[in-house]
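The structure appears below as structure tokens.
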Amino acid sequence: MVNPVPPASAGTTTAGTTTVGDDDFADLLPETRRALAHRLAVAQRDGRLPGVVAAVLRDGQRRWWGSRSIVDGHAPDPDVQFRIGSITKTFVAVLVMRLRDEGQLKLSDRLGQHLPAVGPAVGEVTIRQLLAHTAGLSNEPPGPWWERTDGALRPELADLLQHPPLPHEPGRLFHYSNVGYALLGALVEQLRGDDWYTVLHREVLRPLGMRRTTALPDAPHAGGWAVHPWADVILAEPLQQTGRMGPAGQLWSTADDLTRWAAFLLAGDDRVLGAASVAEMRESQAPGEEGYGLGLMVARADGLSLVGHGGSMPGFLAGLWIAPEQRLGVVVLTNTTSSPGTGFGELATDLLRIVAEREPLIPEPWRPLAACDPEVLALTGPWYWGPTGFGLRLVAEDVLELTPLSGSNTREARLRRSADGRTWTAEGGYWHGEPMRVVRDAEGRVTHLDVGTFVLTREPYPADGPVPGGVDPEGWRAERW
């Protein structure tokens, strides 16, 4: 077992304070840096954290980092490894999405098509369900607590499955499953012909320059500790290799490497996974839940829309979150099994909030469009679904925004024109993925818009318009009752 936290790198002062280079937070104000350092110090004290390191990024670059430790002169720097637990799942999900984008599988495929060893019941669940924790599998494998026991206890895939293996009907609800991600790791191994970490290193870590993300600890790394719930004493946690359960939580990483990973989850990288596929991972999948996409948690906190993942293993807690609308990200790592109250639990979101509130993004200046199709421009203006008003605005050369004219209607969408210019598709909201048709009469004049069968006309319920079910021939009238 190593020291509570290894020595920091040269040039970092750690005796109760945090010192970083000016270039690391050149875009943050001194007051913001102090607020971040204060929040980190409070978390270390109140959460009784042996060691903690945090980093904030904006626009893909680290702008601040800080650390605290119980040992003066031994606070971790961004190159010290911690175990990251279930953040590992985000990496496995990217490997699966790469296979999808290559045409090796479809997310709608049954697992048994590619991995028959799982048996008939589990073989029926889909890859999408496994990614989104809606496959109905148990949380954990059978036997003793897998995070604290040797993975050799479960040498075969069948050893990961409870009996019965599906406590819930697939697709019915969100039920977090470490077992599901162990099976996804086995799927990657089956289709790539190599162990999952070797594939990860070759296809993801190396291209992104993440040299300090490993399956086994690589010095300098923190030792894992448990803090007594009723006394200020600590206990060393054992280190176990988790075998087939590794894809659920095996990885070790650093604040520096995870900052790169957060930047990737914000923007994608064509060497690994394109921006569109990464954005797809950020979309919530679980029925009735806002909480999980494809390998990524989806949440709201302090008015921010967040995507990321938490992680825990004996002796370690971790968090990685991005706020795409603010182009912000945060990484927090500590070496304790649990932390009371708000010590660690809200640290990540509080650090994001501090930057978002104190230094909001400066919007880009308004500029007119470089090009404008007259036929598209003619579509803009007011439209009505029955008596409900919408405004259609041209916001980019091939993008329209449909927004309600009153707050009582929540249906809205961005409409993007296809490359051939023939069709429009809604993005986001009630009509997400639905087509919009521009309907014309025999003379070529636009009569109405059809958005997922919702007929929009230029005036409310026109007497001679294409309104489903027709319009009362007496038309609009005033009545005294």
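Nothing in this text is a laboratory measurement; each read-out follows from the coordinates by a stated rule. Source: prediction; values computed, not measured. No Cβ is skipped: glycine too gets one built from the backbone with ideal geometry, and neighbour counts run over all protein chains shown.
Return a whole-number percent for the relative contact order of segment 82-358, with Cα pairs under 8 Å and 6 or more residues apart as the contact set.
Computed value for segment 82-358: 24 percent relative contact order.
Taking +1 at the Cβ of each Lys and Arg and -1 at the Cβ of each Asp and Glu, which of 276, 361, 242 sits farthest along the dipole of the chain towards its positive end, judged by Cα position relative to the Cα centre?
So the residue we want is 242.
Given contacts defined as C-alpha pairs under 8 Å and at least six residues apart, what's the relative contact order of segment 289-382, whole-number percent?
Normalised by residue count, the contact order of segment 289-382 is 17 percent.
Which value, in debye to the nearest 20, describes the size of the charge dipole of the chain about its Cα centre when Lys and Arg Cβ atoms bear +1, Asp and Glu Cβ atoms bear -1, and nothing else is charged? Working shown, then result.
Numbers: 45 positive and 59 negative charges, 83 e Å.
Charge dipole, the chain, about its Cα centre: 400 debye, nearest 20.
Once R0 is set to 51 Å, what does the formula 1/(1 + (r/R0)^6) return for the Cβ-Cβ distance between residue 216 and residue 443, expressed as a FRET efficiency to the nearest 0.05? List each step's numbers first, then the result.
On the way: r = 72 Å, r/R0 = 1.42.
Result of the calculation: an efficiency of 0.10.
Would you please give the residues with an amide H less than 5 Å from that of residue 336, counting only those at least 5 places away or on a separate chain, with H modeled from the backbone geometry?
The list, which skips near neighbours in sequence, is 225, 316, 317.
Scale the Cα Rg of segment 374-456 by the rule-of-thumb value 2.2 N^0.38 Å and send over the ratio, two decimals. Mind showing how you got there, number by number?
Working: Rg = 12.0 Å, N = 83, 2.2 N^0.38 = 11.8 Å.
Dividing the Cα Rg of segment 374-456 by 2.2 N^0.38 Å gives 1.02.
According to the square roots a ≥ b ≥ c of the eigenvalues of the Cα gyration tensor, what is the shape class of segment 82-358, taking rounded for a/c under 1.5, prolate for a/b larger than b/c otherwise, and oblate for the remainder? Mind showing how you got there, number by number?
Details: a/c = 1.44, a/b = 1.16, b/c = 1.24.
Rounded, because the longest to shortest axis ratio a/c is under 1.5.
Residue 364 to residue 423: extension gain in nm, 0.36 nm per residue of separation minus the Cα-Cα distance?
Values: separation 59, 0.36 × 59 = 21.24 nm, distance 2.94 nm.
Working it through step by step, the gained length comes to 18.3 nm.
Using the number of other C-beta atoms within 10 angstrom as an exposure proxy, rank 230, 145 with the fewest first.
230, 145
If segment 142-243 were replaced by its equivalent ellipsoid, with semi-axes equal to the square roots of 5 times the Cα gyration tensor eigenvalues, what would those be, largest first, whole Å?
Listed largest to smallest, the semi-axes of segment 142-243 are 27, 24, 14 Å.
Compute the acute angle (0 to 90°) between the alpha-carbon long axis of helix 255-267 and the principal axis of greatest extent of the alpha-carbon atoms of the chain; round to the nearest 10°.
10
Loop only by DSSP, 15 or fewer other Cβ within 10 Å of the Cβ. Give me the trypsin sites (Lys or Arg not before Pro) in segment 204-280 that pass, ordered by residue number.
Details: sites: 211, 212, 244, 260, 271; in loops: 211, 212, 271.
Of the trypsin sites (Lys or Arg not before Pro), the ones in loops of segment 204-280 whose Cβ has at most 15 other Cβ atoms within 10 Å are 211, 271.
Between 0 and 90 degrees, rounded to the nearest ten: what's the tilt of helix 30-46 against the longest Cα principal axis of the chain?
Tilt of helix 30-46: around 60 degrees.
Longest span of the chain, sites excluded, free of GluC sites (Glu not before Pro) in DSSP loop with at most 10 other C-beta atoms within 10 Å? Walk me through the numbers on the way to the answer.
Numbers: sites that count: 102, 156, 443, 474, 479.
Here the longest run is 157-442.
Going by Cα centres, segment 441-464 and segment 207-286 are how many Å apart?
If we compute the Cα centre of each part, the gap is 52 Å.
How many nm is it between the label spots at residue 478 and residue 176, if each spot is 7 Å from the Cα in line with the beta carbon?
Result for the modelled spin labels: 6.2 nm.
Mind pulling the per residue volume of the convex hull built on the Cα atoms of the chain? Å³ is fine. Before the final figure, lay out the partial values.
Working: hull volume 102.1 nm³, N = 481.
Hull volume normalised by residue count: 212 Å³.
Relative contact order (percent) for the chain, with alpha-carbon contacts under 8 angstrom and 6 or more residues of separation?
Details: 1022 pairs, mean separation 76.9, N = 481.
Normalised by residue count, the contact order of the chain is 16 percent.
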